[in-house]
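K.L.:
One structure is given below, represented as C-alpha coordinates, and several questions about it will come after.
The values are calculated or read from the model by the stated rules, or taken from the named source; none is laboratory data. Just so we're clear, the structure is a prediction, and the values are computed from it rather than from any experiment. With ideal geometry, Cβ positions are generated from the backbone for all residues, glycine too; neighbour counts draw on all protein chains shown. These area figures cover heavy atoms from the full protein model, side chains too; ligands, DNA and RNA do not enter into them. Shrake-Rupley method; radii C 1.70, N 1.55, O 1.52, S 1.80 Å.
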Amino acid sequence: MHLLPALASISLAISVACGAFGAHALRGILSPSDLAIWDKAVLYQMLHSLGALVITLNTNLVALQVSMRRIAWLLLASTVVFSGSLYLLVLLQTRWLGAITPLGGLGFIVSWLLLALQLIKHRR
(Lines give C-alpha, C1' and ligand atoms only; values in the text may rest on other atoms or scores of the structure.)
Protein backbone atom coordinates (compact mmCIF):
# COMPACT_ATOMS: atom_id res chain seq x y z
CA MET A 1 0.00 0.00 0.00
CA HIS A 2 3.06 2.28 0.16
CA LEU A 3 3.22 2.75 -3.63
CA LEU A 4 -0.04 4.68 -3.85
CA PRO A 5 0.78 7.34 -1.23
CA ALA A 6 4.23 7.72 -2.77
CA LEU A 7 2.77 8.21 -6.27
CA ALA A 8 0.20 10.66 -4.94
CA SER A 9 2.97 12.60 -3.19
CA ILE A 10 5.05 12.66 -6.37
CA SER A 11 2.03 13.91 -8.30
CA LEU A 12 1.58 16.66 -5.70
CA ALA A 13 5.22 17.69 -6.11
CA ILE A 14 4.81 17.72 -9.90
CA SER A 15 1.72 19.91 -9.58
CA VAL A 16 3.66 22.45 -7.53
CA ALA A 17 6.52 22.39 -10.05
CA CYS A 18 4.07 22.81 -12.94
CA GLY A 19 2.39 25.69 -11.12
CA ALA A 20 5.73 27.44 -10.65
CA PHE A 21 6.74 26.69 -14.25
CA GLY A 22 3.50 28.19 -15.51
CA ALA A 23 3.80 31.26 -13.30
CA HIS A 24 7.42 31.99 -14.15
CA ALA A 25 8.51 30.36 -17.40
CA LEU A 26 5.27 30.38 -19.39
CA ARG A 27 3.91 33.79 -18.41
CA GLY A 28 4.59 36.16 -21.27
CA ILE A 29 4.96 33.26 -23.70
CA LEU A 30 1.46 31.82 -23.58
CA SER A 31 -1.81 33.61 -24.16
CA PRO A 32 -3.98 34.36 -21.13
CA SER A 33 -6.42 31.63 -22.19
CA ASP A 34 -3.62 29.05 -22.45
CA LEU A 35 -2.31 30.10 -19.03
CA ALA A 36 -5.82 29.63 -17.64
CA ILE A 37 -5.88 26.10 -19.10
CA TRP A 38 -2.46 25.41 -17.56
CA ASP A 39 -3.62 26.71 -14.17
CA LYS A 40 -6.74 24.52 -14.34
CA ALA A 41 -4.54 21.47 -15.00
CA VAL A 42 -2.36 22.34 -11.99
CA LEU A 43 -5.38 22.87 -9.73
CA TYR A 44 -7.08 19.62 -10.69
CA GLN A 45 -3.85 17.65 -10.43
CA MET A 46 -3.22 19.03 -6.97
CA LEU A 47 -6.74 18.50 -5.65
CA HIS A 48 -7.15 14.98 -6.92
CA SER A 49 -3.65 13.87 -5.99
CA LEU A 50 -4.31 15.15 -2.50
CA GLY A 51 -7.60 13.24 -2.52
CA ALA A 52 -5.79 10.04 -3.52
CA LEU A 53 -3.23 10.60 -0.75
CA VAL A 54 -5.89 11.17 1.89
CA ILE A 55 -7.83 8.09 0.78
CA THR A 56 -4.78 5.83 0.99
CA LEU A 57 -3.61 7.17 4.34
CA ASN A 58 -7.01 7.11 6.04
CA THR A 59 -8.21 3.65 5.16
CA ASN A 60 -8.64 2.18 8.62
CA LEU A 61 -11.24 -0.47 7.83
CA VAL A 62 -9.78 -3.64 6.36
CA ALA A 63 -12.95 -4.19 4.33
CA LEU A 64 -12.42 -0.83 2.64
CA GLN A 65 -8.73 -1.16 1.81
CA VAL A 66 -9.05 -2.87 -1.59
CA SER A 67 -11.87 -0.67 -2.83
CA MET A 68 -10.15 2.47 -1.53
CA ARG A 69 -6.92 1.55 -3.30
CA ARG A 70 -8.87 1.09 -6.53
CA ILE A 71 -10.51 4.48 -6.08
CA ALA A 72 -7.12 6.10 -5.40
CA TRP A 73 -5.67 4.47 -8.53
CA LEU A 74 -8.61 5.75 -10.56
CA LEU A 75 -8.06 9.26 -9.17
CA LEU A 76 -4.38 9.20 -10.09
CA ALA A 77 -5.06 7.76 -13.57
CA SER A 78 -7.74 10.39 -14.14
CA THR A 79 -5.26 13.07 -13.07
CA VAL A 80 -2.81 11.87 -15.71
CA VAL A 81 -5.52 11.95 -18.38
CA PHE A 82 -7.11 15.27 -17.34
CA SER A 83 -4.10 17.36 -16.38
CA GLY A 84 -1.71 15.59 -18.74
CA SER A 85 -3.90 16.29 -21.75
CA LEU A 86 -4.19 19.96 -20.76
CA TYR A 87 -0.44 20.32 -20.20
CA LEU A 88 0.26 18.77 -23.60
CA LEU A 89 -2.48 20.83 -25.26
CA VAL A 90 -0.81 24.03 -24.07
CA LEU A 91 2.81 23.00 -24.62
CA LEU A 92 2.30 21.37 -28.03
CA GLN A 93 -0.53 23.65 -29.16
CA THR A 94 -2.38 20.50 -30.19
CA ARG A 95 -6.02 21.37 -29.60
CA TRP A 96 -7.41 17.91 -30.37
CA LEU A 97 -5.99 16.80 -27.00
CA GLY A 98 -8.83 18.79 -25.45
CA ALA A 99 -11.14 15.98 -26.57
CA ILE A 100 -9.35 13.61 -24.19
CA THR A 101 -9.63 15.88 -21.14
CA PRO A 102 -13.30 15.09 -20.36
CA LEU A 103 -12.40 11.42 -19.94
CA GLY A 104 -10.21 12.42 -17.02
CA GLY A 105 -13.01 14.58 -15.65
CA LEU A 106 -15.40 11.65 -15.90
CA GLY A 107 -12.85 9.54 -14.01
CA PHE A 108 -12.80 12.17 -11.24
CA ILE A 109 -16.58 12.13 -10.96
CA VAL A 110 -16.74 8.33 -10.93
CA SER A 111 -13.96 8.18 -8.31
CA TRP A 112 -15.71 10.51 -5.90
CA LEU A 113 -19.07 8.76 -6.40
CA LEU A 114 -17.45 5.36 -5.78
CA LEU A 115 -15.88 6.75 -2.62
CA ALA A 116 -19.26 8.01 -1.42
CA LEU A 117 -20.84 4.64 -2.13
CA GLN A 118 -18.09 2.78 -0.27
CA LEU A 119 -18.35 5.08 2.73
CA ILE A 120 -22.14 4.71 2.86
CA LYS A 121 -21.87 0.94 2.45
CA HIS A 122 -19.30 0.57 5.24
CA ARG A 123 -20.47 3.21 7.67
CA ARG A 124 -20.20 2.25 11.30
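K.L.:
What are the equivalent ellipsoid semi-axes of segment 45-115, built from the alpha-carbon gyration tensor (square roots of five times its eigenvalues), in whole angstrom, biggest first?
P.N.:
Working: eigenvalues 152, 23, 10 Å².
Each semi-axis is the square root of five times an eigenvalue, giving 28, 11, 7 Å.
K.L.:
Relative contact order for the chain: what percent, with Cα pairs under 8 Å and sequence separation of 6 or more? Numbers along the way, then the final one.
P.N.:
Numbers: 135 pairs, mean separation 31.8, N = 124.
About 26 percent, as a whole number.
K.L.:
Between Ile29, Ala41, Ile120, whose Cα lies farthest towards the positive end of the dipole of segment 17-124 when Lys and Arg beta carbons carry +1 and Asp and Glu beta carbons carry -1, centred on the Cα centre?
P.N.:
Value: Ile120.
K.L.:
Which values, in whole Å and largest first, are the semi-axes of the equivalent ellipsoid of the chain obtained as the square root of 5 times each eigenvalue of the Cα gyration tensor? Don't skip to the answer; put the middle values down first.
P.N.:
Working: eigenvalues 186, 44, 19 Å².
So the equivalent ellipsoid measures 30, 15, 10 Å along its semi-axes.
K.L.:
One-quarter of the Cα convex hull surface for segment 2-44, in nm²? Before the final figure, lay out the partial values.
P.N.:
Numbers: hull surface 11.4 nm².
Approximately 2.8 nm², given one-decimal rounding.
K.L.:
Could you state the angle between the C-alpha long axis of helix 62-92 and the longest principal axis of the C-alpha atoms of the chain, as a value from 0 to 90 degrees rounded to the nearest 10?
P.N.:
10
K.L.:
Given a Förster distance of 25 angstrom, what is the FRET efficiency for Arg95 paired with Leu57, based on the Cβ-Cβ distance and rounded to 0.05?
P.N.:
0.10
K.L.:
Quick one: pull the percentage of alpha-carbon pairs in segment 75-124 with a separation above 18 Å.
P.N.:
Details: 507 of 1225 pairs.
When all Cα pairs of segment 75-124 are counted, 41 percent exceed 18 Å.
K.L.:
Within segment 1-118, what whole-number % of the accessible surface is contributed by carbon and sulfur, with the 1.4 Å probe and all protein chains included in the calculation?
P.N.:
Working: 4780 of 6280 Å².
About 76 percent, which is the carbon plus sulfur part of the accessible surface.
K.L.:
Treating only the Cβ atoms of Lys and Arg (+1) and Asp and Glu (-1) as charged, compute the dipole magnitude of the chain about its Cα centre; round to the nearest 20 debye.
P.N.:
Here the size comes out at about 420 debye.
K.L.:
Right, here's the next one. Please work out the average accessible area per residue across segment 69-124, using the 1.4 Å probe convention, and give it in Å². Before the final figure, lay out the partial values.
P.N.:
Numbers: 3430 Å² over 56 residues.
Computed with neighbouring chains in place, this is 61 Å² per residue.
K.L.:
For the chain, what is the mean residue ellipticity at 222 nm derived from helices alone (per DSSP H run of n ≥ 4: -39500 (n - 2.57); sum divided by total residues; nearest 500 deg cm²/dmol)?
P.N.:
Estimated from H runs of four or more residues: -27500 deg cm²/dmol.
K.L.:
Gln118: net charge of surrounding residues, Cβ under 12 Å, Lys/Arg +1, Asp/Glu -1, itself excluded?
P.N.:
Taking every other residue near Gln118 into account, the sum is +4.
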